[in-house]
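The structure appears below as structure tokens.
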Amino acid sequence: MLLFRIPSGVNGPRPGSGRGVFWRAVLGAVFGLAALGLAGCTEPEAGERERIRYACWGTPEQERAARALADAFEAQHPDIRVDVTVMGYSQYFNKIQAMMVGSVAPDVFMIGVNYYDEWASRGVLMDVTDEMEALEDYGEIMPMVRKAVERDGRVYALPLAVMGTVTYANMEALAAAGIPVPADEEWTWEYVEEIAPRLSRRRADPDAPTDYAVSLPHPVVFLRQRGVTLFDSSYHPTRVTVNQPEALDAVRFIRRFHEEGYTVPPEVGADEGHSQLFRDGRVALTFASIMSTALFRDHTEFEWDVLPFPAGEHSAESMMGAATLAVWEHTAHEEAARKFVRFAASPEGTRINMRELRTQPIYREIAYGEEFLGMRPPASMARFSDTMEEGQTAPLLYAPGIMEIHRIVTNRFSQAVAYPELSEQAVIDGLEEDLNRWLNRMRDRGIF
């Protein structure tokens, strides 16, 4: 059982086919191809509208946004028809991988940051560097956006939304506990630990307003905020660098939060869900991107707002998430697909998507404009935009293998909490061993 939530570079040669987990995913998902009705592409007959297929994940709200995006594109391109397929997130990536192997992949599909580099390294995504350059003509793009998609000067999917993690705060709980909201620069993990006893009924304080003070984010942020890196490079890792003295303090910090009863226990988080716990008023602080806003707006009975991500001793950097839009390398409708992804990432496409509260605008003018900032609650919408300023967020890697790294780090920190008799050094030694094994496997695959 995992203890922490898993939130939200193209390097080396491009293998001709996937292996390992890729093929296992194919076997588990290929049965769904016929049900999706996504047959192979054919060129249109004379006089017919050219048809492209667009796939994304999401809720009914996201499906409405996807269809609205397609409708707006079709209005400008009456010779092109966009067929939209929206899938549930849990099986989305397995299904898309299976379709690519079966040569029936959608012409255009969404990719999350955790899969971007893996798929690009296999050569299944079309190079859209020229389209990315064209986006700059629309207006200034937020600093962290290009870093999310550019690898060695090339881009393999256009950014629809790039977003960082913020603090979702139950403002009524803070007020009831007599806790003032500090200035942004004073919102630190040290301050969170100071106020946590007054927010945690689980710590045997019956007068506390919530069961738990916090739902901790992914443990890698506590390493990074102490200046600890997993590898010598986030783009082309060659050496594991996690075994640093500051890493021991990260283990101690997380252990304290569990031992004192400040944070959601693993079994509670797994059974009830961290977002549900915040929505029900049982946890005072949770950490997520803008995509959680739709879960809380009109669904809570208390006042809430967003605060910055708490700063650590070395930095305030939080976790990056991203939704990007790719063109399948083997599409039979390249020109039409390129037109669609450029439209989707344009200011017009951005505005269509953001109205469903699923995206963080990539353009500065929109991100800090009243159209976006006025979409309340929360009252402090600008804090979502602040996460895209220089140095505020980063993924685990700008390279293939992010999902496995998430699992490795999560499992070792889960071990640290489950076995308090295990020394902090033993936890970090084990993490170093796991990361070295992963790095060697990636070398064997020719990725690094």
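The values are calculated or read from the model by the stated rules, or taken from the named source; none is laboratory data. Small disclaimer: the values here were computed from a predicted structure and weren't measured. Note: ideal-geometry Cβ built from the backbone for every residue, glycine included; neighbour counts use all protein chains shown.
Assess whether R252 counts as being surrounded by 16 or more Cβ atoms within 10 Å (Cβ to Cβ) and of a type in the set (K, R). Let's see the steps before the verdict.
Numbers: surrounded by 16 or more Cβ atoms within 10 Å (Cβ to Cβ): no; of a type in the set (K, R): yes.
Taking the combined requirement at face value, the residue does not satisfy it.
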Legend entry - Count of segment 113-165 residues which are under 13 Å from the mean Cα position of the chain (by Cα) and within 27 Å of E50 (Cα to Cα): 2
Inset, instruction - Identify all residues within segment 170-188 that are in contact with a helix residue (DSSP H, G or I) (Cβ under 9 Å, 6 or more places away or on another chain) and either within 11 Å of L285 (Cβ to Cβ) or part of a loop (DSSP other than H, G, I, E, B) (or both); write none if there are none. - result: N170, A173, L174, A177, G178, I179, P180, V181, P182
Legend entry - Condition broken by L216, with the remaining ones in (1) outside the structural domain of N94 (by TED's automatic domain parsing); (2) surrounded by fewer than 20 Cβ atoms within 10 Å (Cβ to Cβ); (3) under 17 Å from the mean Cα position of the chain (by Cα) satisfied: (2)
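For segment 140-157, what are the residues that are of a type outside the set (A, V, I, L, M) and closer than 19 Å to F340 by Cα?
Y156 - this is the single residue of segment 140-157 that is of a type outside the set (A, V, I, L, M) and closer than 19 Å to F340 by Cα.
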Legend entry - The lone exception for F253 - which of (1) more than 23 Å from the chain's Cα centre (by Cα); (2) within 22 Å of F384 (Cα to Cα) it fails: (2)
Inset, instruction - Kindly check whether there is at least one residue in segment 137-151 that is surrounded by fewer than 21 Cβ atoms within 10 Å (Cβ to Cβ) and aromatic (F, W, Y). - result: yes
Inset, instruction - Assess whether A416 counts as being within 26 Å of Y138 (Cα to Cα) and in contact with a Leu (Cβ under 9 Å, 6 or more places away or on another chain). - result: no
Inset, instruction - Return a yes/no flag: does segment 263-280 have any residue that is part of a loop (DSSP other than H, G, I, E, B), surrounded by fewer than 24 Cβ atoms within 10 Å (Cβ to Cβ) and modelled with pLDDT of 95 or more. - result: yes
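Give A55, A65 a once-over and let me know the one that is assigned to a helix (DSSP H, G or I), of a type in the set (A, V, I, L, M) and closer than 30 Å to M319 by Cα.
Working: A55 fails: assigned to a helix (DSSP H, G or I).
Only one candidate qualifies: A65.
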Inset, instruction - Would you mind finding the one in D205, D232, D211 that is out of contact with any strand residue (DSSP E or B) (no Cβ under 6 Å at 6 or more places or on another chain) and either at pLDDT below 95 or basic (K, R) (or both)? - result: D205
Inset, instruction - Just one of (1) touching a strand residue (DSSP E or B) at 6+ places or on another chain (Cβ under 9 Å); (2) surrounded by 15 or more Cβ atoms within 10 Å (Cβ to Cβ) trips up E133, so point out which. - result: (2)
Inset, instruction - Examine segment 103-121 for a residue that is part of a helix (DSSP H, G or I) and acidic (D, E), and state whether such a residue exists. - result: yes
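Give me a count of the residues in segment 372-415 that are closer than 18 Å to L439 by Cβ, touching an Asp or Glu at 6+ places or on another chain (Cβ under 6 Å) and of a type in the set (S, T, N, Q). Don't jump to the end; show me each part of the working.
Taking segment 372-415 as the starting set, the residues that turn out to be closer than 18 Å to L439 by Cβ are 395-412.
Next cut, touching an Asp or Glu at 6+ places or on another chain (Cβ under 6 Å) only: 399-400, 408.
Okay, now just the ones that are also of a type in the set (S, T, N, Q), so none.
So the answer is 0.
Residue by residue through segment 123-159, note down the ones that are assigned to a helix (DSSP H, G or I) and either in contact with an Asp or Glu (Cβ under 6 Å, 6 or more places away or on another chain) or at positive phi (or both).
P143
Looking at the structure I just gave you, is F257 assigned by TED's automatic domain parsing to the domain that holds Y212, within 27 Å of Q392 (Cα to Cα), at pLDDT 95 or above and in contact with a Pro (Cβ under 8 Å, 6 or more places away or on another chain)? Walk me through how you get there before you give the answer.
Details: assigned by TED's automatic domain parsing to the domain that holds Y212: yes; within 27 Å of Q392 (Cα to Cα): yes; at pLDDT 95 or above: yes; in contact with a Pro (Cβ under 8 Å, 6 or more places away or on another chain): no.
Spelling it out, it is not the case that F257 is assigned by TED's automatic domain parsing to the domain that holds Y212, within 27 Å of Q392 (Cα to Cα), at pLDDT 95 or above and in contact with a Pro (Cβ under 8 Å, 6 or more places away or on another chain).
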Inset, instruction - Check whether at least one residue in segment 363-380 is closer than 23 Å to V113 by Cα, surrounded by fewer than 20 Cβ atoms within 10 Å (Cβ to Cβ) and not aromatic (F, W, Y), and report yes or no. - result: yes
